[in-house]
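Inspection log for the structure reproduced underneath, given as structure tokens.
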Amino acid sequence: MNEIRSNLDGQAHWRSALMDNYGTPGLTLVRGEGARVWDADGREYVDLLGGIAVNALGHAHPEVVRAVTEQIATMGHISNLYINPVAVEFAEALLDVAGLAGHGDGEAKGRVLFVNSGAEANEAALKITRRTGRTKVIACEGAFHGRTMGALALTGQPSKREPFEPLVPGVVHVPFGDVDALSSVVDSDTAAVVLEPILGEAGVIPAPDGYLQAAREITRRAGAMLVLDEVQTGFARTGVWFAFQRAGIMPDVITLAKGLGGGLPLGAVIGVGEAGDLLKPGQHGTTFGGNPVCCAAGLAVLRAIARDNLNDHVAALGKDISNGVEELRHPLVSGVRGAGLLIGITLREAVAPAVAKAVERAGYLVNPVAPDAIRLAPPLILTHEQAEGFLDALPAALDSAKKGE
Ligand SMILES: *Cc1c(COP(=O)(O)O)cnc(C)c1O
């Protein structure tokens with residue numbers, strides 16, 4: 001039996017058994033349903049972070065529960081030494097929503113490699129770029145691509161990189177959103193440019209209009225690949241299946257994770273055209289990648305998003321939340337940015353942790369993603385009513401954070 005009976009209890013057990021790399025969180029969450037979660041003290045919250053943009057259908061969604069339960073009872077794991085029909089089906093469905101399906105008239109226009117996390121997806125993407133024969137890779141300052149050594153080499157945040165250097169060589173960082181800076185470094189030695197359509201971990205900072213299109217053109221001219229890290233923005237998070245579709249471009253490589261498995265650990269790399277053919281047998285692998293249980297969950301999520309038009313819901317609700325925050329005209333709020341249900345609320349003072357605490361006391365979980373920015377990445381099934389509850393609670397929380405409570 002679990003001995004944890006309160007949040008305080010949870011902290012004591014965590015401190016003694018878990019490494020300190022996350023610090024000690026304040027809440028122990030024990031149960032979830034839809035967009036709601038309950039802590040070990042029995043308090044209820046509306047979860048506006050969704051496990052960091054992961055729980056697309058919220059917690060304990062009946063269709064995910066059924067898919068996972070049936071799959072684990074049928075066949076839980078087989079490795080990639082055998083064909084796993086669930087992974088094949090999910091790959092075909094993913095290519096379809098990405099606009100890359102073959103539709104029966106021959107081969108698909110892209111290929112999928114399943115992995116287990118965002119970092120692992122970017123590691124695989126980096127290995128794919130090496131197969132071009134070029135080794136120079138361009139990424140952006142402030143960008144986040146994961147914590148493993150290759151993904152960390154792409155990550156443009158010195159505080160996360162420096163304790164672990166030397167990292168994988170060959171990566172050059174340029175300011176995000178600056179077309180001239182990008183075009184000045186991309187040359188005939190450049191294997192790839194790796195970009196987030198919206199910087200997620202850096203504080204929900206969308207690429208300026210035209211930037212992704214310019215990056216597509218610059219890489220095309222240099223014969224370099226454009227790798228879009230859609231680990232956070234992909235799979236309906238921003239009100240379209242993938243952010244590249246809103247930009248009207250087609251990248252060479254797309255990396256996915258976070259929401260892809262609906263709460264189960266699953267990542268994917270989509271290689272478009274030739275980029276999908278660069279890894280040859282024996283060059284890369286993962287024991288768990290494409291695990292049937294995770295793929296069954298992903299397939300259930302994909303079908304629910306398509307059937308329930310969740311992209312439209314996400315786009316509309318995201319606009320309502322953004323407008324609602326702006327209409328508060330609160331002196332502490334300087335702006336709202338993002339797309340769909342990936343929203344950054346920017347503050348005039350570096351009090352985001354205090355705002356998150358105050359909001360939590362009011363029954364809402366949000367993320368102080370930067371000292372002066374709050375991130376919302378709720379389940380895509382968040383209701384208008386739940387969003388309105390948050391907007392009603394926000395002014396008092398902002399007031400109390402401003403007063404230093
Ligand atoms: C979260 C994130 C990653 C890393 O994903 P993990 O599953 O934590 O390894 C990579 N890229 C982006 C854009 C992310 O948001």
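Things worth noting here:
- The convex hull of the Cα atoms of segment 31-84, projected and averaged over all directions, covers 5.2 nm².
- Enclosing the Cα atoms of segment 82-179 in their convex hull gives a volume equal to 153 cubic angstrom per residue.
- For the cross-link pairs Lys258/Lys280; Lys357/Lys402; Lys127/Lys160; Lys109/Lys280, the ones whose C-alpha atoms lie over 24 Å apart are Lys258/Lys280.
- Semi-axis lengths, Å, segment 257-405, gyration tensor of Cα atoms, sqrt of 5 times eigenvalues: 37, 18, 14
- Charged side chains reduced to their Cβ positions (Lys and Arg at +1, Asp and Glu at -1) give the chain a dipole of some 520 debye around its Cα centre.
- Divide the volume of the convex hull around the Cα atoms of segment 160-308 by the residue count and you get 154 Å³ per residue.
- Neighbour counts of C-beta atoms inside 10 Å place Glu120, Glu201, Glu70 in the sequence Glu70, Glu201, Glu120, starting with the fewest.
- All distinct Cα pairs of segment 1-91 go into the 1/r average, and the inverse of that average, the Kirkwood radius, is 16.0 Å.
- The chain: most fluctuating residue of Pro251, Pro395, Pro331 per GNM, C-alpha cutoff 10 Å: Pro331
- Our summary of shape: the Cα atoms of segment 314-387 have principal axis extents of 29, 22, 19 Å, ordered from largest down, in whole angstrom.
- Per the Kirkwood formula applied to alpha carbons, segment 158-236 shows a radius of gyration over Rh ratio, Rg over Rh, of 0.97.
- Under-5 Å amide H pairs with Cys140, H placed in peptide plane, nonlocal only: Val174
- Approximate spin-label separation Ile72-Arg5, in nm, with each point projected 7 Å along Cα-to-Cβ: 2.8
- For segment 1-54, the convex hull drawn through the C-alpha positions has a volume of 100 cubic angstrom per residue.
- Packing-based exposure ordering (other Cβ within 10 Å, fewest first) of Trp38, Trp241: Trp38, Trp241
- At q = 0.07 Å⁻¹ the log10 of I(q)/I(0) for the chain amounts to -0.32, computed by Debye summation with a single uniform scatterer per C-alpha, solvent ignored.
- Per-residue Karplus couplings for segment 130-136, computed as 6.51 cos²θ - 1.76 cosθ + 1.60 with θ equal to phi - 60°, are listed in order as 5, 6, 7, x, 9, 10, 7 Hz, Gly and Pro entered as x.
- Once the Kirkwood radius over Cα pairs is known for segment 34-152, the Stokes-Einstein relation at 4 °C and 1.567 mPa s delivers a diffusion coefficient of 72 µm²/s.
FYI, it's all coordinate maths here, none of it is from the lab. The structure displayed is predicted, hence computed values, not measured ones. Here the Cβ is made from the backbone with ideal geometry for all residues, glycine too, and neighbour counts use every protein chain on show.
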